[in-house]
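What follows is one structure encoded as structure tokens, with my remarks underneath.
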């Protein structure tokens, strides 16, 4: 009885409420801290640079350090003037060079992604259906190239593809009269991109295929569905998530790829990453370069966002 | 052990002239060195619900999967309706299977799931629509046609799986633990519904189950499996009342098994002296065993009378003991009676009247008695 009275008294004082409120506050504080770190990271290293680049993209070029006009100027003693220059963006649309570069990048990345999917799906399927003891070894082999620097691996391809490179020497030894021209062609660019990004396609595909319940394929066969058709009707739709993830992981970096077209591609393999680089370092036109970068980002991000929104809406409708 | 099915007049397995619908002939399946199914020969007749019953790893699922075509026998043949289907791939067999996990396609609606099999056969669209609707109506799922599997309860998924496997009107329907994922109430209800559907459509069912009660309720006949072999085949009554071995007696229902020695062997009765019992069994059927052979007497708990009074008659088929444990189950009570030699005997009695003070209690000295028609002698 005493205890109950005491408890009621404390409660009446509001101490309990205060303490519990405090506790709840602490718990929420913990959550904020956990969420806060990545948020802060993204703010500092993504949003802030993005704003800076955007700022540069709407200013005028000039000779000097930095090579662009400040955004805010003191027109008079107390009046601040904001000068926005969207001419850089207009320039991108007017000049065929940029349009072609964008288009070429998207096409190159798209074809590379498709090739990655066509090669990666059977590989991922093979790994996922291999004996469990083998799976980790095979996955390790897929990831093994990551142990060497990306740049070194692309350089290695130069040695392989050169006119007097390893491949041509081997072919000539086997009786080929003239060496094949492989380096500095679009073929080399596709080869480089597919080679470099294939693991990014295989890993999400593997995860999706490995998760697929094999009983579903048995059920399909039981209902009269031949294996090839079951693959299209059951396996592909149920691994759609992996296909989408793999394609995004290949397509997005491939669009902005600079190293591979620069090292393996010819002068005609015009990709937006190269244009960006030249604009920045050769022309020293920071504002136009920034505008190229922002336009590329929007070009990539907006379709992806629309796509994900549509996916989310469909998933929501199912639930 | 309720019997849902009236004793069928039509018992083709007793007619030597009848043609089996499914003929499993000397089928063996090995996985490496492990023999999953060992030289099984089994005949199943048209319109039967045949249950393969056994514990886990007894080979019942492997046998079922060979009928479906997911496994190829190492030796032996399987034929259906006179056609050898041993090497036929699953997608060509007129056989459908209901999977234990149901294996519904998660990216398709209920309707699409059920229609899937018909679409593989290029059935006309309008016919597909009608047959799917009819099937969904039969399993009471017509209101859920547009749902996806993850929006359904376990019982609803089970119905969809059943509809999907029946819609193609297979010659043979294989059911792998069809009711294992349902809770007890729903399971009982569904058992009767399965029987009704089977009788409506006349499809031959082969059911794999580890649940002996389920097998008893569903089956026209049961094949009890152990270590890849079929140890006994028979109607539920035969299996329960006349088990052929200690394994079957012990696996189906609960049983008291007493080791003993044959002391009198006549064509219409035998007497077995058992030290385990501390008495003599008088069993009302003949046994084909050598005199003085070691045999076992199986006695079901519900066939034993428990009483505080000494039963009438001579000295066979009775024993004295003390009540060690009582489990009151409402409809019946289970007594564990300790005999003089320490052996415990399980006895169940229906609680016919609200006895109150008349009820047998702990530590009561009791007599156990049974009819000579009740015990069964098994020789292995």
- request: Distance between Cα centroids, the range B:174-209 to the range B:34-51: provide it in whole Å.
  value: 18 Å
- prompt: Which of the peptides B:361-367, A:143-149, B:331-337, B:158-164 is most tightly packed, and how do the rest follow, going by the mean number of other Cβ atoms within 10 Å of each residue?
  reply: B:158-164, B:331-337, B:361-367, A:143-149
message: What does the extension gain come out to for residue B:33 and residue B:19, with contour length at 0.36 nm per residue minus their alpha carbon separation?
response: 1.6 nm
Folded to 0 to 90 degrees: helix B:154-166 orientation relative to chain B principal axis, Cα: 60 degrees
Bridge type composition, the protein assembly as shown - antiparallel percent by DSSP, nearest 5: 80 percent
task: Would you calculate, for chain B, the mean residue ellipticity at 222 nm contributed by helices, counting each DSSP H stretch of 4 or more residues as -39,500 (n - 2.57) and dividing by all residues, to the nearest 500?
output: -6500 deg cm²/dmol
- prompt: Hey, got the average number of other protein chain Cβ atoms within 10 angstrom for residues in B:105-111?
  reply: 4
task: Going by C-beta contacts inside 10 Å, put A:135, B:329 in order with the fewest on the left.
output: B:329, A:135
message: Within 10 Å of each Cβ in A:222-233, how many Cβ atoms from other chains are there, averaged over the peptide?
response: 6
message: Show me the ranking of peptides A:251-257, A:91-97 by mean Cβ neighbours inside 10 Å, starting with the highest.
response: A:251-257, A:91-97
task: Only bridges with both residues in the range B:18-246 count here: give the DSSP antiparallel percent, nearest 5.
output: 50 percent
statement: One can check that the equivalent ellipsoid of chain A, built from the alpha-carbon gyration tensor with semi-axes equal to the square roots of five times its eigenvalues, has lengths in Å, largest first, of 46, 39, 19
- line: Mean per-residue count of partner chain Cβ within 10 Å for A:45-52 equals 0
message: Give the separation of the Cα centroids, the range A:225-253 to the range A:99-121, in Å.
response: 17 Å
message: Between 0 and 90 degrees, rounded to the nearest ten: what's the tilt of helix B:125-138 against the longest Cα principal axis of chain B?
response: 20 degrees
- line: Inter-part gap, Cα centre of the range B:329-379 to Cα centre of the range A:157-195, in whole angstrom, is 90 Å
message: Two decimals, Cα atoms only, Kirkwood Rh: what is Rg/Rh over chain B?
response: 1.05
query: Got a sec? How would A:69, B:134 order by Cβ neighbour count within 10 Å, fewest to most?
result: B:134, A:69
Theoretical FRET efficiency, 1/(1+(r/R0)^6), r = Cβ-Cβ of residue A:90 and residue A:244, R0 45 Å, to 0.05: 0.85
- prompt: What Kirkwood radius, in Å to one decimal, follows from the Cα pairs of the range A:139-253?
  reply: 17.2 Å
Shape of the range B:136-193, Cα gyration tensor, a/c cut at 1.5: oblate
query: What order do you get for B:48, B:71, B:92 when you list them from fewest to most C-beta neighbours inside 10 Å?
result: B:92, B:71, B:48
- prompt: What value, in deg cm²/dmol to 500, does the helix sum -39500 (n - 2.57) over DSSP H runs of n ≥ 4 give at 222 nm once divided by the residues of chain A?
  reply: -23000 deg cm²/dmol
field: In degrees, nearest ten, helix B:110-120 long axis to first principal axis of chain B (Cα)
entry: 70 degrees
- line: For the range B:257-378, shape from the Cα gyration tensor axes a ≥ b ≥ c, cut at a/c of 1.5 then a/b versus b/c, turns out prolate
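Throughout, read-outs are computed from the coordinates displayed, never taken from laboratory work. Owing to the predicted nature of the structure, the values given are computational and were not obtained by experimental measurement. Positions of Cβ are generated from backbone atoms using ideal geometry, with glycine treated the same way; all protein chains shown enter the neighbour counts.
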